[in-house]
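To start, the structure itself, in structure tokens.
The values are calculated or read from the model by the stated rules, or taken from the named source; none is laboratory data. Small disclaimer: the values here were computed from a predicted structure and weren't measured. Cβ: placed from backbone, ideal geometry, glycine included. Neighbour counts: every protein chain shown. In case anyone asks, the SASA skips ligands and DNA or RNA and just uses the protein heavy atoms, side chains included. Shrake-Rupley method; radii C 1.70, N 1.55, O 1.52, S 1.80 Å.
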Amino acid sequence: MFTLCMRWMLTLLCVSAACAQPGYYGAFAFKLFYNNELVNLSEQAWQVVTYKQSGTMPTHSYSFPDFYQISVDGGNGKAPFFVDIIHEKDSMRIYPPTIDFRTVTFDHIDFKKGVFNIPNHLYNLQDLLKKSPDYYEYSPNIKGNWDLFAAHKEVYKCYLEQVEALDFAGTPLLAADQGQAMNWKSTSFLYKKNYIIKHHDGYDKNNHWDNKHYIYEIKNVSTATFWGGQIGGYEILSLYAKGSTLYAIVKKSYPDLKGDTFGVYKLHFVDESPITGPLATLLKKQQTTEDYHGAMKLQGYGGALRQKIEAAYNQFDKKE
């Protein structure tokens, strides 16, 4: 009996010790360039600053010319995680892709004063881009022009306008790792999750061969719902064309409602039709109506959240 008790206590101690081990660290690693030269961030003229979250400070490790790495306890590098790179009186703030439990690595950041936001979908495309032919050019490209990532820039966005709500739409059972493809009007569309890559196969208006693949993030004009929740994400299930218009069937998620909605959407590519003035107003009004009907369907017939949503929508309806 004594031996059994000792073994049982030893097992408990081992389990406790294992549970007490530090969690996995997510990390943001990068190399910085200034005037086309690799920067030694140990020099006095440079400083790297991060934020505090939940009373903890991310840890920094660096040895020139290796990557500057910022590790976050438990992979807790979600928004609003950012890194400030300061050079004398200039500051560059970078909002990297969500770290979670991975290392986000940029092997080339060009120092530039301003605030820059790298969307998740662009970083997540890196494995796909590595398998592409060398003569393909992608835009935007996280190794390219950082001006494209300046805060509040509406470059390479694709906004949704719902034209029909669906009860359900099935997803391909054997979706290819490379995504799904559609060819239409001399243009190829590669789509996966929340992005579309558009490639015109031919000569541009200046009679130059166009090798660029333009990457678009699909989204609503607002990432928040009118009652204060957040849109959880989007997934393109299929594309189709009618007349001269491209449409998508999209699954849209609402974390606070714990459910998804499905619909047919008209696609508005920003570089083709800037989202300003009447179109922005139309899309905002349409999104509010869409979110309301989706919430009523997901929320059922009762509950405090339903009452909150109905009250907020009634206030919006009166303003209209």
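Return a yes/no flag: does the stretch 108-127 have any residue that is at pLDDT 85 or above, of a type in the set (Phe, Trp, Tyr), within 18 Å of the chain's Cα centre (by Cα) and not in a strand (DSSP E or B).
yes
Report whether or not PHE226 is of a type in the set (Phe, Trp, Tyr), surrounded by 15 or more Cβ atoms within 10 Å (Cβ to Cβ), at pLDDT 90 or above and in a strand (DSSP E or B).
Taking the combined requirement at face value, the residue does not satisfy it.
So, of the residues in the stretch 276-301 that are open to solvent by 40 Å² or more (accessible area, probe 1.4 Å) and not in a helix (DSSP H, G or I), which turns out to be modelled with the lowest pLDDT?
Within the stretch 276-301, the match that is modelled with the lowest pLDDT is TYR301.
Among the numbered conditions (1) open to solvent by 60 Å² or more (accessible area, probe 1.4 Å); (2) under 26 Å from ASN314 (Cα atoms); (3) in a strand (DSSP E or B), tell me where TYR240 comes up short.
(2)
Looking at the stretch 130-153 only, could you name the residues that are surrounded by fewer than 13 Cβ atoms within 10 Å (Cβ to Cβ) and either closer than 14 Å to PRO119 by Cα or among the aliphatic types (A, V, I, L, M) (or both)?
The answer is ALA151, HIS152.
Do the conditions hold for GLU217, that is, is it assigned to a loop (DSSP other than H, G, I, E, B) and either under 30 Å from PRO133 (Cα atoms) or not acidic (Asp, Glu) (or both)?
Values: assigned to a loop (DSSP other than H, G, I, E, B): no; either under 30 Å from PRO133 (Cα atoms) or not acidic (Asp, Glu) (or both): yes.
The answer is no for GLU217.
Has the stretch 183-202 got any residue that is out of contact with any His (no Cβ under 7 Å at 6 or more places or on another chain), polar (S, T, N, Q) and either surrounded by fewer than 16 Cβ atoms within 10 Å (Cβ to Cβ) or in a loop (DSSP other than H, G, I, E, B) (or both)?
Yes.
Please state which one of VAL72, VAL83 is of a type outside the set (Asp, Glu) and either at pLDDT 85 or above or open to solvent by 20 Å² or more (accessible area, probe 1.4 Å) (or both).
It is VAL83.
For the stretch 243-275, what are the residues that are assigned to a strand (DSSP E or B) and basic (Lys, Arg)?
LYS251, LYS252, LYS266
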